[in-house]
Amino acid sequence: MRLSPSRTERAAAVSTYKTIIEPFRIKSVEPIKFTTRGERAAALDAAGHNVFKLHAEDVLIDLLTDSGTGAMSSQQWGALMQGDESYAGSRSFYRFRDAAQALTGYAHIIPTHQGRAAERILFHTQVRAGQIVPNNNHFDTTRANIEAEGAEARDLVIAEGRVPSTVHPFKGNIDLAALEALLEEDRARGGGLVPLVMLTITNNSGGGQPVSLANIRGVRALCDRFGKPFILDACRFAENAYFIKLREDGQGHRSPLEIAREIFSLADGCTMSAKKDGLANIGGFLALNNAAWADAARNLLILTEGFPTYGGLAGYDLEAIARGLEEVVDEAYLRYRIRSTAYLAEKVASAGVPIIQPAGGHAIYLDARALLPHIPPLAYPGIALANALYLEGGVRGVEIGTVMFGRQPDGGEVPAPMDLVRLAIPRRVYTQSHIDYVAEVVVSVAQQAQGMRGYRLVSSPPVLRHFTATFARLPGR
Ligand SMILES: Cc1ncc(COP(=O)(O)O)c(C=O)c1O
């Protein structure tokens, strides 16, 4: 008989109160720098109006990404000291492998320095030029790594997932009929067109929206029928599992861990960036059931990342990830996490600012195209809004729109399906008053929308241009 209640049961005991509080207290603080409007204008000029190029210390509230920007727990910091830095067969690797296996159930766990390294290794070993990889929405690095192999990254998210204002509990779902049609075409052409099926949980490029368990089961069934491997992009698996618990019929009684395990059991492997739901500052892994695929992956891993028991990571990184994978499925943590994102969404939406509805798990997405209808997509409304947020209040978000996705493999440019600015919330970093401040800045910028102008590209690299491109503001009326 177990006498002491679990952490989750204790959290449930206090959750009878309406206020959901941060399930931690702060032991170590880091100052943030207040700047003047003039200093911020100069910083934007120096950065070529690309907020990726700002010095982070000139940013007051940094919502550029939730990737690797979270606060580690005292348990994780403690675990760092346990890091075994042996080149081969380190104790930390086995600890990491066991934690990843206990969660996912996959036979082969291959550490990588971050998610995109897992993607590159998977696609370079399994995808050929001319093939098509379907997904709900490919993230930018996923798309770029598929395109780097000469293949097509095809987005098949449901229709509701393409309309920011449409409310749907699982806007990240893949369109199963469209997937079936693609797999039929693949069969008609001999089966070599689609090497694998991917699903991104939660769907970052589509607004951090979750995928339902029913939809994941549907993908499994189609993959079984057509004999295709099914690989998850599992960066935010815990947030997705918690949305399933909250929103899907018959799932409310299950723990996030149980739901996560079922999700993983429905696929044949995953790519993972531990910088998100690994609660770590760096790291990732590729997990596979197929031994031949894992062998090919490990051979490439040795070439570019390192020996298969460290994969580009220090032993202490492996320790931090192992602990993070266990902490992230804690229900009290997930309740606070999902609620704090929804809190920001409610504040800005109630002031009339258009956002993707409902709020995503890790971020809210401002609909720059709807807010700035006078700026056409090819004059980058998302860049205009990201610049304005920084200028107004030192808040850094990121454009997820035509700059990120509009460039075509042939070098041309078309409007992306949406022009968004994502405000991603780092895990366990900002307090409620920081978030209140962000909401105030967003609302104030929205009130100045009519006076805002578009941008043009000044310089642009051939791949993943949004990271380093520079811009100039278009002349005013
Ligand atoms: C859905 C998704 N997939 C893959 C990646 C790539 O992970 P990493 O930044 O660790 O390379 C990201 C990063 O943001 C992501 O959000």
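What's the number of the only condition in (1) within 25 Å of the chain's Cα centre (by Cα); (2) under 30 Å from ILE259 (Cβ atoms) that HIS49 fails to meet? Condition not satisfied by HIS49: (2). Criterion applied to PRO415, PRO373, PRO409 was being in contact with a Leu (Cβ under 9 Å, 6 or more places away or on another chain) and in a loop (DSSP other than H, G, I, E, B), and the one residue passing it is PRO415. Filtering the stretch 73-90 to residues that are in a helix (DSSP H, G or I) and loosely packed, with under 15 Cβ neighbours inside 10 Å leaves SER74, GLN75, GLY78.
Would you be able to say whether some residue in the stretch 127-141 is within 16 Å of the ligand (Cβ to nearest atom), basic (Lys, Arg) and either crowded, with 19+ Cβ neighbours inside 10 Å or farther than 16 Å from GLU305 by Cβ (or both)? For the stretch 127-141, residues within 16 Å of the ligand (Cβ to nearest atom), basic (Lys, Arg) and either crowded, with 19+ Cβ neighbours inside 10 Å or farther than 16 Å from GLU305 by Cβ (or both): absent.
Reported count of residues in the stretch 182-218, each being within 16 Å of the ligand (Cβ to nearest atom) and open to solvent by less than 10 Å² (accessible area, probe 1.4 Å), is 16. Considering only residues that are closer than 29 Å to GLY150 by Cα and of a type in the set (A, V, I, L, M), look in the stretch 69-125 and name the one that is farthest from the ligand (Cβ to nearest atom). For the stretch 69-125, the residue satisfying everything is ILE109. Only one of the listed residues (LEU385, LEU378, LEU391, LEU366) is farther than 25 Å from SER67 by Cβ and not polar (S, T, N, Q). That residue is LEU378.
Residues in the stretch 235-267 that are in a loop (DSSP other than H, G, I, E, B), free of Cβ contacts under 8 Å to residues at least 60 places away in the same chain and open to solvent by 20 Å² or more (accessible area, probe 1.4 Å): ASP249, GLY250, GLY252, HIS253, ARG254, LEU266. Close Cβ contacts (under 9 Å, 6 or more residues apart or on different chains) running from residues in the stretch 102-118 that are assigned to a strand (DSSP E or B) to residues that are within 16 Å of the ligand (Cβ to nearest atom) and among the basic types (Lys, Arg) comprise THR112/ARG120.
With respect to the conditions (1) within 16 Å of the ligand (Cβ to nearest atom); (2) open to solvent by less than 10 Å² (accessible area, probe 1.4 Å); (3) touching a residue at least 60 places away in the same chain (Cβ under 8 Å); (4) among the hydrophobic types (A, V, I, L, M, F, W, C), LEU232 lacks only one, and its number is (3). Scanning the stretch 319-352 for residues that are open to solvent by 10 Å² or more (accessible area, probe 1.4 Å) and either among the β-branched types (Val, Ile, Thr) or part of a loop (DSSP other than H, G, I, E, B) (or both) yields a total of 5. Within the stretch 326-344, residues that are of a type in the set (Gly, Ala, Ser) reach partners that are buried (at least 22 other Cβ atoms within 10 Å of the Cβ) and at pLDDT 95 or above with beta carbons closer than 7 Å, at six or more positions or on different chains, in the pairs SER340/ILE425.
The values are calculated or read from the model by the stated rules, or taken from the named source; none is laboratory data. All values derive from a computational prediction rather than experimental measurement. So basically every Cβ, Gly included, is an ideal-geometry build from the backbone, and we count neighbours across all protein chains shown. Keep in mind that these areas ignore ligands, DNA and RNA; they rest on the heavy atoms of the full protein, side chains included. Shrake-Rupley method; radii C 1.70, N 1.55, O 1.52, S 1.80 Å.
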